[in-house]
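Questions regarding the structure given below will be posed in turn.
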Amino acid sequence: MAQAAPVAQPDVELTYEIPEQVTLLSDAWRRIRRNRLALVGGGVIIVLLIVALISMVWTPYPTWLQAVGPTYQPPSPAHPLGLDNAGRDILSRIMGGALITVQVGIGSAIIVSLIGIPLGLLAGFYRGKVDTAISFVINIWYGIPDLLVALILVFVLSDALHLIPRGVLVIVIAFSLTRWMDVARLVRGQALALREREFVEAARMAGARDYALLVRHIFPNALGPIIVQATFAIPAAVLFEAFLSFLGLGLPPPTPSWGAMASDGYHGMDFAPHIVLAPTIALSITLMAFNWLGDGLRDAFDPRMRR
Amino acid sequence: MVAACGGGGGNNSSNLAADQTLSFPMVDDVGNTDPAHMSAAVDIDIFRNSYSGLYKFDDQLNEVPDIATGAPTVSTDGLTYTYKIKQNVKFWNGDPVKADDFIFSWNRAAAIQGDYASLLQPVQGYDDVAAGKATQMTGLKKVDDYTFSATLTAPAGYWYTENALWTLWVVDQKVVLAAGKATDSTWADNPATAVGTGQFKMTARTPKQSLDFAPVPNWYGGSTGTITKVHIEIVADQKAQLTKYESGGYSLIGFANQSLTPEDVIRYNSDSQLKKQLTLQPSARTSWIGFNFCTGKAQPTKSCTTSSVFAGDAGKPLREAFSLAIDRDQLIDIACSKGTACVKATGGVITKGLKGYLGDNTDPWAKFDKAQAQQLLQSAGGAAKVGNLTYTYNANAQNKAVCDNLASQWKANLGVTVQCASTDRASFFNARTKCAYPIFRHSWGADYDHPQDWFDFLFVTDAGSSGSCYSNPQIDSMEKDANQKPLSNSLDTYKAMNKILVDNCVTGNLFYGIQQYLVHPYVQGAGGNALYDNYWADVKILQHS
């Protein structure tokens, strides 16, 4: 029996198709670039940030200075947005108001996140009594009318106890203390899901402690939804500040809050609509920009949206 | 400015509308319906049509007889005033008005101790009645049914002027006593028992909603005019008031010391057609910056707790600097609806048009001089001397606008940052009485046209409404002397006192008030004098579509 000749092995190089390595953020960025509304929103926000930064060092006129021209003067080359009921330059005050908006919006988003993320992580990760306790607090907090509590907080902290001067900080604190639950609840849900995932199990088996699991594995993987939630918190905070100031309960005059500016001009709508239009348009555009960007980020971070 | 006083005149009955209902809104309901309790302008302006007294003020603020037959007879020592009252005067329920009613009414007002009970303080025995030790002032004596006298503890030249004020209006003692104790006020809330001597009587009242009045049939004084009904609605929203006015729902807006929103005034004033409906009447009110004069605990007056940078001679340059740094034209333009709500004060603290006014441009600190203001501030130690300063006011739209403008001007012209702080009216007045504010909003609406009304309540040592704890023995002495004399003999002294206030920049005088009236062209005779005296009998409603 003839012995079978050995099969010649071709000299081939094994090749593997390695997928393109993308991080969470780069993946999100890739998809958000395809979302035009989100890009417009982002562009508006960048303009807002630039205007806010410029207003820290320069405005055409001091935002507090009255009688730079006749009261109620409509827009003119010297004052492109006109003058208000106290003869203040509205363009300057819109610029100053941008800074307030940025401070309130971003400050609130940060504090809301600082409160909500740790509580959500703890509740979702440890479950059991910790989750029950934190969820109970969250539910209780949801049952309290947030606007009313925020108004009371502003009054108590600033006017009654004089702990914090009436200003951006007290508005941010009042807002954050009444709106942290959304982030906490979201993060709790993320933590509940992520703690069961294989990579967390693997890390646990490798001896990782709870802190490391939370900070290095669960939190980074929940970051997308958190960013989206924080983005939506910004317009809510801006609107809250504008609302308080419109009612005369927000920032003290002559702080150029857009809400206060709208309030100042509201009674003169009949003959000087520019006073109320300028801040309300600025406010509307800003709110829309943050909402467009938030929607875009939500889509970008959502795995189900991947194609 | 247009003075809108007196009757419409010149219109025969054929021009009159069939419906002679006078209607107007008020932001707040009346607070007190009993003359002995009244202190708010709203109450007084409404009920002066239902009650009356010995005297009243005419459109030029002259004191003229009302129930009295003429001016009182004054004894040579200036202590005893004898009044004769008209014999045909009746309350609307038919009860005749006699000397006993006046004595009862005045004793009652002293016993009740309402906000203005001190008007009766000059009368002998007032202190005992006020303290509850007696029920009748010993100084009041009935001479006969239609004559009585008031004997004072000391000569008081202002007493005659005070005779025309609401606290001294006559009430029907039969009605009051039938309803309860002399000091009870329930009778005054009930239209059936709110009995007065005025041309109109209250016919209905729904608290916080409406009041209705009707002319008194067969009023003792004769005609009550053409108005057959007065309907007053309580509408807190000034925009809603104006909307209803513009749809013909109200005859006018402005009675009872009501005002319009700044934007509405500007709108009406800037439209040639609408402007015809707007009447601007100078009012007897001055607004100023109050400076704190405390130099330490109980110094110079008992209410002081801490020292103020504005106090005394040392603080004078600062007071002057803060006053000179204000461009009042700008202030009036911005805070007074382009000058429709006030005019700048350049003649001292007593309002232009009142006795004691110093004359236009006599206040050197009421001009705008930025350079001199800065120089004075530097001489006083600069902005650092002032430190963190807060200007406090009771919350309302005009006070806020004033403070915002002052803060803007002080920052621009002096480089001093002043915070504006508002508080509710009650808290503000409570704290101001204790001289708690270093710099604050102050104003005074004259109760009557006599300088004593300003000095006694504002500028003598421990004056009840001072707010600044100002004390000047020279003013005290001059005031004591002037108060004892008839105004014809004391006016120069009062003016000299006013000059002392101006020279020392005791007040940073800002503006004098204007009362706004919005009146349909078919409503004639609406308006009043500088003391807001509006008489409905002067009003006529002409035919209109």
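On alpha carbon coordinates alone, what is the Rg over Rh value for region B:168-296, Rh being the Kirkwood radius?
Rg divided by Rh gives 1.09.
Then there's this: Semi-axes, largest first, in whole Å: what does sqrt of 5 times each Cα gyration tensor eigenvalue give for the protein assembly as shown?
Its equivalent ellipsoid spans semi-axes of 69, 30, 27 Å.
While we're on this one: If Rh is defined by the Kirkwood formula over all Cα pairs and Rg also comes from Cα, what ratio Rg/Rh do you get for region B:41-160?
0.95
Which distance in nm do the two modelled labels at B:Gln484 and A:Ala212 give, with both placed 7 Å along the Cα-to-Cβ direction?
The modelled label-to-label distance comes out at 9.8 nm.
When the gyration tensor of region B:310-377 is built from Cα positions, what are the square roots of 5 times its three eigenvalues, in whole Å, from largest to smallest?
Output for region B:310-377: semi-axes of 22, 17, 9 Å.
For region A:195-236, state the average projected area of the convex hull of the C-alpha atoms over all orientations, rounded to one decimal in nm².
3.2
Here is a follow-up. Rank B:Gly359, B:Gly339, B:Ala380 by how far each Cα sits towards the positive end of the charge dipole of region B:274-382 (+1 on Lys, Arg Cβ; -1 on Asp, Glu Cβ) and give me just the farthest.
Highest projection toward the positive end goes to B:Gly339.
Now for a separate question. Along the Cα-to-Cβ line of B:Asp145, 7 Å from the Cα, sits a label point; which residues in region B:93-108 have backbone N less than 13 Å from it?
Only B:95-101 fall inside the zone, counting backbone N under 13 Å.
Using only Cα atoms, find the angle between the long axis of helix A:128-143 and the longest principal axis of chain A, and express it within 0 to 90 degrees, rounded to the nearest 10.
Taking the Cα atoms of chain A, the angle to A:128-143 is about 30 degrees.
Label-point separation (nm) for B:Asp77 and B:Gln543, each offset 7 Å from Cα along Cα-to-Cβ?
Simple spin-label model gives 6.6 nm for this pair.
Place +1 on the Cβ of every Lys and Arg and -1 on the Cβ of every Asp and Glu in the protein assembly as shown, take the dipole about the Cα centre, and give the residue among B:Trp106, B:Ser471, B:Gly157 whose Cα lies farthest towards its positive end.
Looking along the dipole axis, the top candidate is B:Ser471.
Sort B:Asp237, B:Asp28, B:Asp533 by Cβ crowding within 10 Å, fewest neighbours at the top.
B:Asp237, B:Asp28, B:Asp533
Ok, one more. Suppose every Lys and Arg Cβ carries +1 and every Asp and Glu Cβ carries -1, with no other charges. What dipole size does region B:148-278 come out with about its Cα centre, to the nearest 20 debye?
Dipole size: approximately 180 debye.
How high is the relative contact order of chain B, in percent, with contacts defined as C-alpha pairs under 8 Å that are six or more residues apart?
Taking the mean separation of contacting Cα pairs over the length of chain B, I get 22 percent.
Right, another one. What is region B:436-492 by shape, rounded, prolate or oblate, if you read a ≥ b ≥ c off the alpha carbon gyration tensor as root eigenvalues and call it rounded for a/c under 1.5, prolate for a/b larger than b/c, and oblate otherwise?
oblate
Another one. About its Cα centre, how strong a charge dipole does the protein assembly as shown have in debye, to the nearest 20, once Lys and Arg get +1 and Asp and Glu get -1 at the Cβ?
1580
If you restrict to DSSP beta bridges whose two residues both lie in the protein assembly as shown, what percentage is antiparallel, to the nearest 5?
80
Now for a different question. Please provide three numbers in whole Å: the alpha-carbon extents of region A:243-307 along the principal axes, with the largest listed first.
The Cα atoms of region A:243-307 stretch 53, 25, 14 Å along the principal axes, largest first.
Hey, another quick one. Return the equivalent ellipsoid semi-axes of region A:32-119 as a descending list in whole Å, where each equals the square root of 5 times an eigenvalue of the C-alpha gyration tensor.
32, 18, 10
Still on this model: Find the relative contact order for region B:457-503 and round it to a whole percent, using C-alpha pairs within less than 8 Å whose residues are 6+ positions apart.
24
Amide H to amide H, which residues 5 or more places from B:Leu140 or on other chains are under 5 Å from it, using H placed in the peptide plane?
Close amide H contacts, sequence-distant or interchain: B:Thr151.
Now for a different question. Just want the answer: with Cβ charges of +1 for Lys and Arg and -1 for Asp and Glu, which residue in B:Thr186, B:Gln241, B:Ile253 is farthest toward the dipole's positive end in region B:186-304?
Of the candidates, B:Thr186 comes out farthest on the positive side.
A follow-up question, please. B:Leu16's amide H: which non-local residues (gap 5+, or another chain) put their own amide H closer than 5 Å, with H modeled 1.01 Å from N in plane and none for Pro or chain starts?
B:Gln543
Moving to a separate point now. Can you check what the net charge comes to around A:Leu287, using other residues whose Cβ is under 14 Å from the Cβ of A:Leu287 (Lys, Arg +1; Asp, Glu -1)?
-2
Using C-alpha positions alone, give me the convex hull volume of region A:150-307 per residue in cubic angstrom.
132
What is the packing order of peptides B:409-420, B:127-138, B:320-331, taking the mean over residues of other C-beta atoms within 10 Å and listing the highest first?
B:320-331, B:409-420, B:127-138
Give me the net charge of B:Pro96's neighbourhood, meaning all other residues with Cβ under 11 Å from the Cβ of B:Pro96; Lys, Arg count +1, Asp, Glu -1.
That sum, taken over residues with Cβ under 11 Å, equals -1.
Using alpha carbons only, what's the Rg to Rh ratio of region A:155-208 with Rh from Kirkwood?
1.37
I'd like the projected area of chain B, averaged over all directions, using the convex hull of its alpha carbons. Report it in nm² with one decimal.
That works out to 24.6 nm².
Same structure, new question: For region A:194-208, just list the computed ³J(HN,Hα) in residue order, Karplus coefficients 6.51, -1.76 and 1.60, θ = phi - 60°, integers in Hz, with x standing in for Gly and Pro.
With coefficients 6.51, -1.76 and 1.60, one gets 6, 5, 9, 6, 4, 5, 6, 4, 4, 5, 5, 5, 7, x, 5 Hz.
Would you list A:Met95, A:Met269 from fewest to most Cβ contacts within 10 Å?
Going from sparsest to densest Cβ surroundings: A:Met269, A:Met95.
Would you mind working out the magnitude of the charge dipole of region A:212-307 relative to its Cα centre, with +1 at each Lys and Arg C-beta and -1 at each Asp and Glu C-beta, to the nearest 20 Debye?
600
Moving on. When only Cα pairs under 8 Å and 6 or more residues apart are kept, what is the percent relative contact order across chain A?
Relative contact order for chain A comes out at 25 percent.
Right, here's the next one. Would you tally the net charge around B:Leu211, using a Cβ to Cβ cut-off of less than 9 Å, leaving B:Leu211 out, and scoring K and R as +1, D and E as -1?
-2
Still on this structure, I have one more. Mind computing the radius of gyration and Dmax over the alpha-carbon atoms of region B:468-518? Å is fine for both.
Using the Cα atoms of region B:468-518, the pair Rg, Dmax is 14.2, 46 Å.
Let me ask another. Let me know the Kirkwood hydrodynamic radius for chain A, please, with Cα pairs as the basis and the value in Å to one decimal.
22.4
For the protein assembly as shown, what is the mean residue ellipticity at 222 nm derived from helices alone (per DSSP H run of n ≥ 4: -39500 (n - 2.57); sum divided by total residues; nearest 500 deg cm²/dmol)?
-12500 deg cm²/dmol
Let me ask something else about it. What does region B:398-545 give for Rg and for Dmax, in Å, if only its C-alpha atoms count?
My reading of the Cα-based Rg and Dmax gives 19.9, 63 Å.
While we're here: Given R₀ = 25 Å, FRET efficiency for B:Lys385-B:Ala298 by Cβ-Cβ distance, to 0.05?
Computed FRET efficiency for B:Lys385 and B:Ala298: 0.55.
At 4 °C and 1.567 mPa s, what whole-number value in µm²/s does Stokes-Einstein give for the translational diffusion of region B:329-486, with Rh from the Kirkwood sum over Cα pairs?
Answer from the Stokes-Einstein relation: 74 µm²/s.
Also: Could you tell me the calculated FRET efficiency between B:Asn361 and B:Gln60, based on Cβ-Cβ distance and R0 = 30 angstrom, to the nearest 0.05?
0.80
Taken together, the values in this text are just the output of simple stated rules run on the coordinates, not laboratory data. Owing to the predicted nature of the structure, the values given are computational and were not obtained by experimental measurement. Don't worry about glycine lacking a Cβ; one is built from the backbone with ideal geometry, like all the others, and counts go over all protein chains shown.
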